[in-house]
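The values are calculated or read from the model by the stated rules, or taken from the named source; none is laboratory data. Only a predicted model underlies this, so the values are computations on that prediction, with no experimental measurement involved. All Cβ positions, glycine included, derive from the backbone under ideal geometry; neighbour counts span all protein chains shown. Only protein heavy atoms, including side chains, enter the accessible area calculation; ligands, DNA and RNA are left aside. Shrake-Rupley method; radii C 1.70, N 1.55, O 1.52, S 1.80 Å.
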Amino acid sequence: MSRKANPALVGAFVVSAVTLAIVALVFFGAADLWREKLRAVLYFQGSVRGLNVGSTVMFRGVQVGRVVEIRLFLDPESAEALIPVVVEMDPGVVEPTREASEQLEPEESLALLIERGLKGRLEIQSLLTGLLLVELDMYPAEPARFVGFDQRYPEIPTMPTVLQVLTQELEGLDVSKLAEDE
């Protein structure tokens, strides 16, 4: 003979299973929610084809964040385009090398790094797919170029890609003069 299931017991089982699933999701799948994030904006010269929302932000090969927004602003009169790329970085990834007497807030640390030469550059993540990533590094000798369009976030200056620099140099070559020298 079979007994009829107790509805209260079945309901309690379902509620506990759902609660356990939510707790597991929060702690394992979305533990990122409570980490403090630092947002900044970069303006790249030229095309950002291959850079997508979710693309990686690296500092000397260490992943420190991701791209969260790419926008396009076009001035109809001058036909100039501004492409702000908003990145979100995890300050917890970077640790000081020695004990600091006074801990700086992430915004203050970023401002200090920018002052000392932090710049962003687009790099190829995959030759096969053409995907790009944002590579951050220290270039104190290079002049900083600030756009100052979006005041919501601190701006990290950018540098042209290696390909852009090479293209500019090739465009500046006087081919006829080279032919005469031969």
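The table for this structure:
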read-out: Thr129, sole failed condition from (1) at pLDDT below 80; (2) within 19 Å of Leu51 (Cβ to Cβ); (3) polar (S, T, N, Q); (4) assigned to a loop (DSSP other than H, G, I, E, B); value: (1)
read-out: Flag if Glu115 is open to solvent by 40 Å² or more (accessible area, probe 1.4 Å) and either β-branched (Val, Ile, Thr) or closer than 19 Å to Met159 by Cα (or both); value: yes
read-out: Tabulated pairs, the stretch 133-154, first touching a residue at least 12 places away in the same chain (Cβ under 8 Å), second of a type in the set (Phe, Trp, Tyr), C-beta under 8 angstrom, 6+ apart or interchain; value: Glu135/Phe59; Leu136/Phe59; Asp137/Phe59; Val147/Tyr43; Phe149/Tyr43; Phe149/Phe73
read-out: Residue within the stretch 106-118 that is assigned to a loop (DSSP other than H, G, I, E, B), under 27 Å from Asn52 (Cβ atoms) and either over 15 Å from the mean Cα position of the chain (by Cα) or modelled with pLDDT under 90 (or both) present; value: no
read-out: Residues that are open to solvent by less than 50 Å² (accessible area, probe 1.4 Å), among the acidic types (Asp, Glu) and assigned to a loop (DSSP other than H, G, I, E, B), drawn from the stretch 132-158; value: Asp150
